[in-house]
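**Q** I have a structure I would like to understand better, so I am pasting it below and will then ask my questions one at a time.
Just so it is clear, none of the values below were taken in a lab; they were calculated from the coordinates. In this text, all values refer to a predicted model and were calculated from it rather than measured experimentally. For neighbour counting, all protein chains shown are included, and Cβ atoms are generated from backbone atoms with ideal geometry for every residue, glycine included.
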Amino acid sequence: DRNGGSKVFGSFTKLGGARFQWARGISKGESWISIVCTSILVHTMNLEPEKGPLFLQIAREISRWVARGDLHPGSRLPPVRDLAKIFRVNPNTIVHALEELERRGITAVRRGLGTYIRDDLDPDMLKRALLEEAIREFLDEVTGLGLSPEEALAALKEVADVGAPEGRE
């Protein structure tokens, strides 16, 4: 439904018994994807083709879920077909995203069982790696604009302070 409706595409059970549903919807012309666990919204994301290959966006987002603790080591990911329905992409795009996650050491395929977040993955180390990647991208942009890291840091602090809730400075 283009007027704010959504459709549940599938569900899965994580190790530990939590039941999740994957849903996709459209609101005000923007598509969204949600993972819901017993009526708690765990995550919503928009795919943006202008921000690079979709498979990399999907892989990055799943990495964020792990870094934030939405998915834990040992958690099973939904099947490729379910993910493809949710993201409205070709299943091959999902396969590429899962291959990228495996290449990065975030997931492992268990033949006949599916794709799982690696049991030995340290979410805190993943969070740090994602942060460092974001910082490198930011600094590349800063350098491209001809600014020094100090100027960028001052601007970042200014922008962060403007959006800071009272008492958080």
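**Q** For region 56-141, what relative contact order do you get, as a whole percent, if you take Cα pairs closer than 8 Å and at least 6 residues apart?
**A** 36 percent
**Q** Under the 0.36 nm per residue contour assumption, what length would be gained going from the current alpha-carbon distance of R88 and H72 to full extension?
**A** 3.3 nm
**Q** Could you tell me whether region 110-158 comes out rounded, prolate or oblate from its Cα gyration tensor? Rule is a ≥ b ≥ c as square roots of the eigenvalues, rounded for a/c under 1.5, then prolate if a/b exceeds b/c, otherwise oblate. Walk me through the numbers on the way to the answer.
**A** On the way: a/c = 5.25, a/b = 3.12, b/c = 1.68.
The shape class here is prolate.
**Q** Residue-wise, which Karplus ³J(HN,Hα) couplings in Hz belong to region 71-82, taking 6.51 cos²θ - 1.76 cosθ + 1.60, θ = phi - 60°, and x for glycine or proline?
**A** After applying 6.51 cos²θ - 1.76 cosθ + 1.60, I find 10, 10, x, x, 5, 8, 7, x, x, 3, 4, 5 Hz.
**Q** For region 54-105, what class follows from the C-alpha gyration tensor (a ≥ b ≥ c being the square roots of its eigenvalues): rounded when a/c is under 1.5, otherwise prolate if a/b is larger than b/c, else oblate?
**A** Because a/c hits 1.5 or more and a/b exceeds b/c, region 54-105 counts as prolate.
**Q** In whole Hz, what ³J(HN,Hα) sequence does region 63-68 give by Karplus (6.51, -1.76, 1.60; θ = phi - 60°), x for Gly and Pro?
**A** 4, 4, 4, 5, 4, 7
**Q** What ³J(HN,Hα) values, in whole Hz, does the Karplus curve 6.51 cos²θ - 1.76 cosθ + 1.60 give for region 83-94 when θ = phi - 60°, with x put for Gly and Pro?
**A** Calculated HN-Hα couplings, in order: 4, 4, 5, 5, 7, 6, 10, 5, x, 4, 5, 5 Hz.
**Q** Modelling each spin label as a point 7 Å along the Cα-to-Cβ direction, I'd like the R136/E48 distance in nm, to one decimal.
**A** Taking the two extended label points, one gets 2.1 nm.
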